[in-house]
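Q: Starting off with a structure, shown below.
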Amino acid sequence: MSTSMPKSSSLHDEHLRARLARLMSGDLCPEDVAKLYIGKRSSSYGRASFRELADFAAHPDLRNRGPVTDRIRDMRTTFKPMLDRAINGESPPIREILDRAESNFRMATDEQIARFSRGLKRKVAEPLLTSALDKMRRGAIDAITSAEHQIVVNFGDSVIWNPALRGQDVFDDFKFVMMKNGLVGQADGARMDSARAVVILHAITAMHGAAFDIGDGLVGELQAGFENRDGCLEVTAALKFQGYPKQVSMKVGLFWTDLLGRDHVGRELAGRAGPWCFPIEIRDGKLEPIGSMPPLPEATDDVSTIDFPGER
């Protein structure tokens, strides 16, 4: 005797619906979150964080595209002229300043764009900046309007950074995709709120340890921890810059959460704020190391480290 599913639902969706129902019941199984991300990876309805985290789960070995690697590229573009000036005392070439204006704009929030463009909205400010950059790169300086000049100076002479992902946005996107795919009704959407922490913790474990390669020699890996002034869990990357008296390593925040480390890590990690260079997993609702933890690395004078946290 065979059992048929309703025409509006596939066996795959019923499988995912059962996992989501279990989460909403309070049985917070991390594997359920992972299966939901992978199961709707191709049906994310434009929610970039959902697709990005599903891609991390599907391809954890190496990331070379997506919002996180795009943000790494932008951060390096933004920070390099500042380092040249601070360490070598050199004024960066105009080309790098123009590139920084673009990277700053891409990373800026709507509020930051309004602040740096005298109240303009993103859709109004963007064509002004694009026009100014095009004219300057073509050498048509005399054709730049006063408004264009002001916006390219403001964004080119500033340092703006924001994480690629934030915890609340990740959870909001997760809820949206679940409801949009019909795995839960709109009226029951609030029942997912009890799974907020495990969804965010899953995002941390999905990103942690992933390698990145942006294609021009800048490689590294993402590491989780809570070594920041707020003690909140985050995922960071170490960007290494060459060409200075000694190597410069810049720790930049790529995923920022409001989950306090003291509340969401086990006993073994409580005394190791990170960034962690060993594997982690979720056990009993908290982050725990897998296996034994290596000893803390010894401090060295060969590298200068600059910390740019994910929260701004």
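Values in this text are rule-based calculations from the coordinates and carry no lab data. Computed from a predicted structure; not experimentally measured. Cβ atoms come from the backbone with ideal geometry, glycine included; neighbour counts cover every protein chain shown.
Q: Exceeding 30 Å between C-alpha atoms, which entries from my cross-link table qualify? They are K80/K121; K80/K180; K40/K286; K80/K135; K123/K180.
A: Over 30 Å Cα-Cα: K80/K180.
Q: Within the stretch 133-194, list the trypsin sites (Lys or Arg not before Pro) lying in a DSSP loop whose Cβ has at most 13 other Cβ atoms in a 10 Å radius.
A: Answer in residue order: R138.
Q: Also: Would you kindly state the longest site-free stretch of the chain, with sites defined as GluC sites (Glu not before Pro) in a DSSP loop (not H, G, I, E, B) surrounded by at most 15 other Cβ atoms within 10 Å?
A: That would be 91-297.
Q: Among (1) 33.9, 123; (2) 21.2, 67; (3) 22.1, 80, find the value of Rg and Dmax of the Cα atoms in Å that was calculated from the structure presented, and write down its label.
A: From the options (1) 33.9, 123; (2) 21.2, 67; (3) 22.1, 80, the structure gives (3).
Q: Let me ask something additional. Using a Cα-Cα cut-off of under 19 Å, which aspartates and glutamates could be cross-linked to K35, ignoring same-chain neighbours fewer than 8 residues away?
A: K35 reaches D13, E14, D27, E52, D55, D61, D172, D173, D193, E281, D284.
Q: Now, a different point. Of all DSSP beta bridges located in the chain, what percent are antiparallel, nearest 5?
A: 65 percent
Q: Peptides 151-162, 116-127: what's the order by average Cβ count within 10 Å, highest mean first?
A: Going from most to least packed, we get 151-162, 116-127.
Q: Test of the criteria: in the stretch 1-103, which chymotrypsin sites (Phe, Trp or Tyr not before Pro) are in a DSSP loop and have at most 14 other Cβ atoms within 10 angstrom of their Cβ?
A: Counting only loop positions with at most 14 other Cβ atoms within 10 Å, the chymotrypsin sites (Phe, Trp or Tyr not before Pro) in the stretch 1-103 are Y45.
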